[in-house]
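Peer 1: Let me begin by handing over the structure; questions about it come next.
What follows draws every value from the coordinates through simple rules; no lab data is involved. Just so it is clear, the structure is predicted and the values come from calculations on it, not from any experiment. Cβ: placed from backbone, ideal geometry, glycine included. Neighbour counts: every protein chain shown.
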Amino acid sequence: MMLTTPILLDYQSSTPCLEDVVNSMSPYWSQIFSNPSSKSNLAGINASAILEVSREKIKEYLFLQKKKLIFTSGATESNNLALLGFARNYYKETEKYGHIITLKTEHKAVLEPLDQLRKEGFDVTEIRPEKDGLISKEKFISCIREDTFLVSIMMANNEIGVIQPLQEISEICRLREITLHSDCAQCLGFLELDKLDSIANMITISSHKIYGPKGVGLLLIDREIELQPLILGGGQEFGLRSGTLPLPLIVGFTKAIEIAVLNQKKNIQKFLFQRNILLKGLLVNNSGLEINGSMKERLPHNLNLTVLDVNGSKLHKSLKSKIICSSGSACSNGEPSHVLLALGRSFKEAEASLRLSIGLMTTTEDIEKSIQIITDSIKSIR
Ligand SMILES: Cc1ncc(COP(=O)(O)O)c(C=O)c1O
């Protein structure tokens, strides 16, 4: 029996390291391996210089002039540091538990730290987005209170790909002197880069979503922002995140950012072209498919569909050996997606949903085969 490798359509959960990224890291495992914090010897000074060159390069690629860059282990840690760190510092300075606003459709790496803050005494409002997944500006304004001091709204959703009107949210927050955090883990390579510096006061990004290594991420913060650190120790990263920095990962992450930015236009065209074929093919061949989230304000490599009148677990079981995709986020532990439930989907519909995300390695043949496989599965179950 010939076993065929399943087609990968789950690039939003993680991406493989590009060859150039792997090559960029190679000297830093066993040749240049010193601790960048060991400034008392030449090898450490050299490692520290490489770290600072990486930081400067990232600033240049992302047009960052106002931001301080804090290396973390990934987007989860960056979100935790931004939210817990900022809110706890706010309490320390004001002795007040203020009000925080977020979206019901944020990643768990935002919702869970906010839940922790709720337990500590802060008040948190989770806004339900509109049916298309986008936040209503009016609803947002109506939730702002005298004591609102922090807002966390993601730039693009990891499940339904919708891109929030962050520029407008940012302007509303700026006028009211409310600090804005945005989880941009899914956005690098798709952003208007020159706006990144000013679009939010704190921004989260992650390496393994952009063909870089796992285990490294960044929190970008406006220079005047003060945070309570979560990890205490040697005082690395401006005292905000102690611990020896993983130089190979940071060099690889820097390379991945460089490549993502350089190829942004070309990649967007490819993704749009392939997603169009995928969407059209699925809609023409199947009845009862409904798109989740706005198609207009959306990442070019994401598609999320609910298949009506189909048992979700049968659908996923039937696709399992042929297509790697997901019904929700990679971190949802098999529960129905809280994002789809927030959009008004029932449990049954949320389970019978497919998140298909296209990657750099996806070929048009993969897309055509996937249309056939998904169509056959739906027909056989119905
Ligand atoms: C929007 C968003 N935020 C946070 C995370 C967590 O990222 P990391 O795996 O880098 O901790 C993810 C990963 O799925 C994500 O998509």
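Peer 1: What are the DSSP H helices in the chain that stretch 15 Å or more along their long axis, judged by alpha-carbon atoms, and whose average Kyte-Doolittle hydropathy comes to at least 0.5?
Peer 2: Counting only whole DSSP H runs, the qualifying helices are 247-262.
Peer 1: Restricting attention to the stretch 292-328, which trypsin sites (Lys or Arg not before Pro) occupy a DSSP loop and are surrounded by at most 13 other Cβ atoms within 10 Å?
Peer 2: Those satisfying the criteria are Lys296, Lys320.
Peer 1: Another one. Based on DSSP H runs of at least 4 residues, each adding -39500 (n - 2.57), what is the mean residue ellipticity at 222 nm of the chain after dividing by all its residues, to the nearest 500 deg cm²/dmol?
Peer 2: The helix-only estimate for the chain comes to -12500 deg cm²/dmol at 222 nm.
Peer 1: Would you mind pulling out the separation of the Cα centroids of the stretch 203-276 and the stretch 69-96, in Å?
Peer 2: Here the answer is 17 Å between Cα centres.
Peer 1: Another one. Where a ≥ b ≥ c are the square roots of the eigenvalues of the C-alpha gyration tensor, would you call the chain rounded, which needs a/c under 1.5, or, failing that, prolate if a/b is larger than b/c, or oblate?
Peer 2: Oblate is the answer for the chain, as a/c is 1.5 or above yet b/c matches or exceeds a/b.
Peer 1: Quick check on my link table: of Lys68/Lys96; Lys57/Lys322; Lys266/Lys379, which ones sit more than 32 Å apart, alpha carbon to alpha carbon?
Peer 2: Those over the limit are Lys57/Lys322; Lys266/Lys379.
Peer 1: Could you derive backbone 3J(HN,Hα) for the stretch 14-21 from the dihedral phi with the Karplus parameters 6.51, -1.76 and 1.60 (θ = phi - 60°), listing whole Hz in sequence and x where the residue is Gly or Pro?
Peer 2: In residue order, the calculated couplings are 6, 10, x, 5, 5, 4, 4, 5 Hz.
Peer 1: While we're looking at this one, here's another question. Which of Met25, Met202 comes first, and how do the rest follow, when ranked by fewest Cβ neighbours within 10 Å?
Peer 2: Starting with the residue having the fewest Cβ neighbours, the order is Met25, Met202.
Peer 1: Starting from the amide H of Gly215, placed 1.01 Å from N in the peptide plane, find each other amide H under 5 Å away whose residue is 5 or more places distant or on another chain.
Peer 2: It is His208, by chain and number.
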